[in-house]
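Down below is the structure, laid out as structure tokens.
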Amino acid sequence: MLKYRLLTTLILIPLVIAALFFLPPSGFGLVIITVSALAAWEWGQFAGLFTQAKRITLAVLFAVGLLALQYSLSDFYHLTEKPQIIYLLWAGMIWWVVAILLVVTYPASASIWKSSVILRLLFGVLTIVPFYCGMMVLRTQGYESNTYDGAWWLLYVMLLVWAADSGAYIFGRTMGKHKMAPRVSPGKTLEGLVGGLLTAALISWLFGKFAPVPTMQEHLLLISTVVVIASVFGDLTESMFKRESGIKDSSQLIPGHGGVLDRVDSLTAAIPVFAGLVMLISSGFTL
């Protein structure tokens, strides 16, 4: 298993970096639509759609909907000023506040949604569609002046989340005593969360000091802290749905890693929240 995990990682890392830095926004969008459609196929089982025909239909509907959204954009500049992007990012940010409440109150909260296919499908829409919007907003950030600025921002958010996850694991393993959400993910501790935030603060400082892009120095640490907390609950939210569905991994699409959602669960929260906060700052909101 470890061999497959390492091999897959060695293949995926250069592919991700190539997609970030070398694809134009339209091509990058098609890649994210593909990832989102696969995530939707996996989400189908969380919603109680266990036949392949139903899950494939769901994936196709997501792909068609996101393609329509992408082609509704007149251009890829200043996406945070496009009404459809604004509404969807707001929907995503509101959803993650709701998701945090669902996780914190689980299993009592499951009584609200576990018997409703419609609600569970809606949760999937609110998880996956704002993720696509956030990826596009960040990738096209500053695109008219420097085509690589947005790629650096996306790479930063990914490194931030992955570093925080690693820091949380190390601190949790060595010092973890107080469970964070024992009924959702017994392995996560408050000490791990603190360790993740400290690791994220270091990454934020390094990026602010050395990144080859304008870095919103006065806001970066606060935004990064909020995003890391959101990413933790992104992970916990997927764990909650998997637990309720009796599923260990969302699929086996990625050898050694599980499914697409297992790899991007934290990012489905972190990306739209980061993009949403950037949108608020761009509109003149003061944090």
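Side notes on the structure shown:
- The calculated FRET efficiency for R5 paired with E144, based on their beta-carbon distance and R0 = 35 Å, is about 0.35.
- Accessible carbon and sulfur surface of segment 174-255 relative to its total accessible area, %, 1.4 Å: 64 percent
- In the full protein context, segment 35-174 carries 46 Å² of accessible surface per residue, based on a 1.4 Å probe and ignoring ligands, DNA and RNA.
- Exposure check, 1.4 Å probe, all protein chains in place: D165 carries approximately 80 Å² of accessible surface.
- Largest first, the residues M216, M279 sort by 1.4 Å accessible area into M216, M279.
- By a 1.4 Å probe calculation restricted to protein chains, Y169 has an accessible surface near 140 Å², given to the nearest 10.
- Förster radius 25 Å - calculated FRET efficiency between L220 and V194, Cβ distance, rounded to 0.05: 0.80
- The figure for K82 is an accessible area of roughly 30 square angstrom, using a 1.4 Å probe on the protein chains alone.
- Of every Cα-Cα pair in the chain, the percent that sits beyond 23 Å: 54 percent
- Two-site label geometry, I13 and A68: point separation in nm, points 7 Å out along Cα→Cβ: 4.1 nm
- Using Cβ point charges alone (K and R +1, D and E -1), the dipole size of segment 137-189 about the Cα centre works out to roughly 560 debye.
- Compactness of segment 79-181, taken as the C-alpha radius of gyration over 2.2 N^0.38 Å, stands at 1.37.
- Computed over the chain: relative contact order in percent, which uses C-alpha pairs under 8 Å that are six or more apart: 23 percent
- Across G256, G142, G134, mean-square fluctuation computed from a Gaussian network of the chain (C-alpha pairs under 10 Å connected) peaks at G256.
- Excluding ligands, DNA and RNA, the accessible surface per residue across segment 209-287 is 40 Å² with a 1.4 Å probe.
- Potential lengthening between S283 and I56 on full extension [0.36 nm per residue; Cα-Cα distance subtracted]: 77.8 nm
- Hull volume per residue, based on the alpha-carbon atoms of segment 134-261 and their convex hull, is 124 Å³.
- Pairs of Lys residues in the chain that lie 8 or more places apart, or on two chains, and have C-alpha atoms under 21 angstrom apart add up to 12.
The values are calculated or read from the model by the stated rules, or taken from the named source; none is laboratory data. Worth saying up front: this structure is predicted, and the values here are computed from it rather than measured. Virtual Cβ from ideal backbone geometry, glycine too; neighbours counted across all protein chains shown. Note: accessible area is taken over every heavy atom of the protein model, side chains too, but ligands, DNA and RNA are not part of it. Shrake-Rupley method; radii C 1.70, N 1.55, O 1.52, S 1.80 Å.
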